[in-house]
DNA sequence: GCCGTCCTTACCGAACCCGAACACACGCCT
DNA sequence: AGGCGTGTGTTCGGGTTCGGTAAGGACGGC
């Protein structure tokens with residue numbers, strides 16, 4: 001469970017009530033930290049304040065969903081920011097609470113969401129004989145399981161997510177390594193080679209000379 | 001099964017999906033008819049719309065519970081009627097869905113409730129040779145009983161509940177320990193080792209390097 | 001005070017990532 | 001056609017991170 005809230009008093013309140021229900025709670029105080037935390041911690045759900053300094057909640061949510069991350073999100077909006085609520089649901093929030101809210105209500109909302117998403121189908125990325133299970137973090141080629149290292153997995157995920165568009169090495173670095181600027185090393189190439197080896201003869205990863213890589217047309 | 005809903009289109013939708021699951025479905029379009037139907041038909045469960053004309057859903061539910069009738073009730077509330085949901089649960093609803101909801105979700109919710117309050121609500125988690133009895137807090141592997149300490153039990157329960165999805169150490173901490181934020185200790189690893197030892201050679205707990213653990217198989 | 005359970009720490013082996021080095025492919029130019 | 005430069009494929013060893021495990025101490029129940 002991740003709570004994103006810049007007011008320390010409110011954050012602590014939320015943390016206490018969620019913890020009492022048995023959730024392990026992490027805190028983040030701004031949008032970038034939140035995105036990073038979701039990536040690293042893979043929380044079961046996120047309570048996201050809309051009125052953050054700098055990168056606001058809506059922006060964070062948009063970034064998450066754009067990255068194909070469907071971690072359940074409860075938005076916390078101020079009473080008069082109705083626009084944000086509507087916008088939030090459109091952008092992919094699972095529910096929202098209006099400040100000021102009772103902690104009990106927040107807890108109830110979070111639990112409801114978790115219940116709702118139980119038994120939800122797994123997130124899968126498929127392309128030809130390749131099937132990547134994001135929830136199990138497992139890969140199958142022609143139905144046979146294939147082991148992947150963490151970076152190989154992230155790389156393949158980044159490639160499959162683009163679904164045919166050309167991806168530069170810099171973009172792949174950013175996607176699979178978190179941010180790290182691509183400073184002219186060959187790291188990406190090496191891992192692509194590894195991936196191709198593991199994917200076998202039907203490997204759909206094509207080289208676009210001078211630009212980067214892309215998936216073969218389905 | 002009784003569906004109480006004043007919008008004929010929605011009512012019909014619900015009826016069709018519930019019927020497909022083998023439930024005999026009756027309809028009622030207002031609160032008084034609903035109360036009457038519950039008394040006469042004694043349905044196994046009720047799907048109850050909150051926004052009824054005249055006597056509303058909350059009132060119907062209150063009347064039922066006041067008459068010591070504990071027929072399982074799933075409330076259907078509009079998204080912005082947050083008060084009703086909290087109120088409904090306090091008044092004795094067993095669960096609720098938020099409009100607009102998918103019919104499949106409704107069915108799942110109803111089934112969950114029936115399962116929960118089935119004559120023998122003996123909750124079992126099974127996976128391969130492993131069988132975990134949540135009510136007796138007992139574990140059997142290949143039919144042979146195995147003793148578990150409380151933390152080991154919680155840990156295994158958390159793993160089995162996710163059914164193959166990757167679970168981070170932070171999540172396991174949250175699930176099995178109640179709250180404790182995972183601050184970089186190796187506690188989880190140690191207990192996983194214990195578990196593996198007790199589960200024996202056919203142990204389905206796999207390590208996902210850099211992320212966490214998951215169950216083997218499907 | 002003994003015993004079981006739990007948490008921490010430390011150590012070791014293994015997996016992994018990176019960067020360099022070398023070999024190869026492609027395309028352009030003459 | 002052949003040569004050359006640039007960009008890419010692939011291999012390999014060093015250094016680092018990560019997970020398994022064993023041992024020791026803290027805490028609480030009996």
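List the helices (runs of 4 or more DSSP H) that sit entirely inside the range A:1-95 and contain at least 2 residues that are within 13 Å of chain B (Cβ to nearest Cβ), modelled with pLDDT under 80 and within 21 Å of residue A:157 (Cα to Cα).
Qualifying helices (runs of 4 or more DSSP H): A:31-41.
Considering each residue of the range B:183-214, count those that are more than 16 Å from residue A:42 (Cα to Cα), within 13 Å of chain A (Cβ to nearest Cβ) and touching a helix residue (DSSP H, G or I) at 6+ places or on another chain (Cβ under 6 Å), and give that number.
Here the count works out to 1.
Report, by residue number, each residue of the range A:96-112 that is part of a helix (DSSP H, G or I) and facing chain B (nearest Cβ under 10 Å).
Those that are part of a helix (DSSP H, G or I) and facing chain B (nearest Cβ under 10 Å): A:104, A:105, A:108, A:109, A:112.
Specify which of the listed residues (B:132, B:124) is touching a strand residue (DSSP E or B) at 6+ places or on another chain (Cβ under 7 Å) and modelled with pLDDT under 80.
B:124
Suppose we keep only residues that are over 16 Å from residue A:203 (Cβ atoms) and buried (at least 16 other Cβ atoms within 10 Å of the Cβ) within the range A:142-160. Which one would you say is nearest to DNA strand D (Cβ to nearest atom)?
A:151
The values are calculated or read from the model by the stated rules, or taken from the named source; none is laboratory data. Given the structure is predicted, the values throughout are model-derived calculations rather than measurements. All Cβ positions, glycine included, derive from the backbone under ideal geometry; neighbour counts span all protein chains shown.
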